[in-house]
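Worksheet for the structure shown next.
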Amino acid sequence: AIPFIRPASMAIHKIQSQLPLSIRQELTQRLQTMQLKTSPTMDEEGYKDVYDTAQSALLKKKILECKYESIGGGSEDEIFLFHPYALFFGTRAWYIVGYHEGRDAIRTLKLSRFLRMDMTKHSSEVPASFSLEKHFGNSWIMIPGKKDYKVEIKFEHPFSLTVSDTRWHATQEIEWHNDDSCTFKCTVSGLDEIVWWVLSMGPNCKVLKPKELSERVVTLSKKITERYS
């Protein structure tokens, strides 16, 4: 389940309780025949205080004083000021987007990795020009790169049918061929995320463009093979 959605669930139940009996009964019957299964997520225990602080800072428009554990290295003792712009739930976790004074840039940080988060008395305003849509741009998921790439990936039949059933990216196009294979096309900002998606497709696809992506796939595939040799 998605962490921290209980308040929203309670609000829905409260609204449902005010509906006419016949509609409530129909809704109950319909809900019994449906189930929503999400990707595995981190348990909300352990960082609920961070989530609550982040949400309060957004509502009160306050700057946050933080300490963050970065997987990429660096000092875990670094304390920085963070101007919160938005909270959002990604594929498996909650993230906060905002201006990181220490990096002098907008950053997307995972809530569960905060070692400390305190709300200050200093005010913060979200720039009028900011939106999550603009921030993520053409990123494959949520990490935009510095360069946009025209991507083309060939999928063989019958896997082509599976790939074409899903809207993987806002810019995607599917070009079908006479043998029922297809070429998946999109414009993506950065290659750090899409390369792992390509690898997850195994031998069912081949990168046609760009060369940088195909080279990354080959390099990582060799490293994976070496693990088992």
Which of the residues spanning the range 28-52 are open to solvent by less than 80 Å² (accessible area, probe 1.4 Å), over 30 Å from Leu64 (Cα atoms) and at pLDDT 75 or above? Thr28
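Give His100, His122, His83 a once-over and let me know the one that is exposed (fewer than 13 other Cβ atoms within 10 Å of the Cβ) and in contact with a strand residue (DSSP E or B) (Cβ under 6 Å, 6 or more places away or on another chain).
Matching residue, one of His100, His122, His83: His122.
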Anything in the range 141-173 that is in contact (Cβ under 8 Å) with a residue 60 or more places away in the chain and hydrophobic (A, V, I, L, M, F, W, C)? List them, or say none. Val151
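Here is a yes/no grid of residues against (1) farther than 30 Å from Glu133 by Cα; (2) at pLDDT 95 or above; (3) charged (D, E, K, R):
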{"position": "Glu152", "(1), (2), (3)": "no, yes, yes"}
{"position": "Thr171", "(1), (2), (3)": "no, yes, no"}
{"position": "Asp179", "(1), (2), (3)": "yes, yes, yes"}
{"position": "Cys186", "(1), (2), (3)": "no, yes, no"}
{"position": "Val195", "(1), (2), (3)": "no, yes, no"}
{"position": "Leu199", "(1), (2), (3)": "no, yes, no"}
{"position": "Cys205", "(1), (2), (3)": "no, yes, no"}
{"position": "Leu213", "(1), (2), (3)": "no, yes, no"}
{"position": "Val217", "(1), (2), (3)": "no, yes, no"}
Give all pairs with beta carbons closer than 7 Å in which a residue from the range 86-112 that is assigned to a loop (DSSP other than H, G, I, E, B) meets a residue that is among the polar types (S, T, N, Q) and open to solvent by 30 Å² or more (accessible area, probe 1.4 Å); count only pairs at least 6 apart in sequence or on separate chains. Thr91/Ser39; Arg92/Ser39; Arg92/Thr41; Ala93/Thr41; Ala93/Ser112
If you take the residues of the range 58-73 that are open to solvent by less than 70 Å² (accessible area, probe 1.4 Å) and outside any strand (DSSP E or B), which of them is modelled with the lowest pLDDT? Gly73
Is there any pair with a first residue in the range 200-226 that is without any contact (Cβ under 8 Å) to a residue 24 or more places away in the chain and over 17 Å from Thr187 (Cα atoms) and a second that is part of a strand (DSSP E or B) and open to solvent by less than 80 Å² (accessible area, probe 1.4 Å) whose Cβ atoms are under 6 Å apart and which are 6 or more apart or on different chains, and what are they? Val217/Val207
Where in the range 137-226 are there strands (runs of 3 or more DSSP E), lying fully within it, with 1 or more residues that are of a type outside the set (Val, Ile, Thr), under 21 Å from the mean Cα position of the chain (by Cα) and surrounded by 15 or more Cβ atoms within 10 Å (Cβ to Cβ)? 148-155, 182-189
What number of residues in the range 169-185 are in contact with a Phe, Trp or Tyr (Cβ under 8 Å, 6 or more places away or on another chain) and among the hydroxyl-bearing types (Ser, Thr, Tyr)? 2
Would you confirm whether or not the range 174-185 contains a residue that is touching a residue at least 12 places away in the same chain (Cβ under 8 Å) and either touching a Gly at 6+ places or on another chain (Cβ under 7 Å) or under 21 Å from Gly90 (Cβ atoms) (or both)? no
If you go through the range 112-133, how many residues are more than 23 Å from Trp196 (Cα to Cα) and either touching a helix residue (DSSP H, G or I) at 6+ places or on another chain (Cβ under 9 Å) or of a type outside the set (A, V, I, L, M, F, W, C) (or both)? 15
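The values are calculated or read from the model by the stated rules, or taken from the named source; none is laboratory data. Computed from a predicted model, the values in this text were never measured in an experiment. Backbone-built Cβ (ideal geometry, glycine too); neighbour counts: all protein chains shown. Protein only, heavy atoms only, side chains kept; ligands, DNA and RNA dropped before computing areas. Shrake-Rupley method; radii C 1.70, N 1.55, O 1.52, S 1.80 Å.
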